[in-house]
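Student: Here's a structure for you.
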Amino acid sequence: MTNHPNRSKSNGKERAVVVTTQHRGVFFGYASDTDGAIIKLRAARNCLYWSTDIKGFMGLAATGPTKSCRIGPAVDIDLRDITSVIACSPEAIQAWEGAPWSR
């Protein structure tokens with residue numbers, strides 16, 4: 001599923017990550033540089049709600065969101081006040097890429 005115009009534009013140095021912020025934001029996206037106070041994410045998606053089957057925010061990086069999660073649309077974003085950067089598994093990347101908004 002390609003729901004963002006920059007989804008397939010990878011320079012080969014990017015990695016898929018879940019980033020958390022001091023403001024309780026949880027984001028998935030593609031980052032080239034994860035050092036520093038600001039992280040630029042391409043095709044970032046925000047997880048507004050995750051269900052208990054995810055087993056916490058780290059489960060979003062391990063297995064990705066499920067149908068019961070609420071995932072926003074993809075946009076490019078600069079994130080500040082970073083608290084963690086977690087590498088995503090291939091399984092999680094696939095789940096994030098296909099995650100629709102759930103009602």
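The values are calculated or read from the model by the stated rules, or taken from the named source; none is laboratory data. Note that this is a predicted model, so its numbers are computed, not measured. We place every Cβ from the backbone using ideal geometry, glycine too, and count neighbours over all the protein chains shown. Accessible surface areas use protein heavy atoms only, side chains included; no ligands, DNA or RNA. Shrake-Rupley method; radii C 1.70, N 1.55, O 1.52, S 1.80 Å.
Student: Tell me which of these A62 doesn't satisfy, since it passes every other one: (1) within 12 Å of the chain's Cα centre (by Cα); (2) within 16 Å of T20 (Cβ to Cβ); (3) among the aliphatic types (A, V, I, L, M); (4) open to solvent by less than 30 Å² (accessible area, probe 1.4 Å).
Tutor: (4)
Student: A further question follows. Scan the range 42-51 and give yes if some residue there is part of a loop (DSSP other than H, G, I, E, B) and open to solvent by 10 Å² or more (accessible area, probe 1.4 Å), otherwise no. I'd like the intermediate steps shown before the answer.
Tutor: Going residue by residue through the range 42-51, those that are part of a loop (DSSP other than H, G, I, E, B) are 50-51.
Checking which are open to solvent by 10 Å² or more (accessible area, probe 1.4 Å) leaves us with 50-51.
Yes - at least one qualifying residue is present in the range 42-51.
Student: I54 versus (1) closer than 17 Å to Q22 by Cα; (2) without any contact (Cβ under 8 Å) to a residue 40 or more places away in the chain: which is the lone unmet condition?
Tutor: Every listed condition holds for I54 apart from (1).
Student: Working only within the range 22-41, note down all residues that are open to solvent by 30 Å² or more (accessible area, probe 1.4 Å), of a type in the set (G, A, S) and either under 17 Å from E91 (Cα atoms) or touching a residue at least 40 places away in the same chain (Cβ under 8 Å) (or both).
Tutor: Scanning the range 22-41 gives a single hit, A37.
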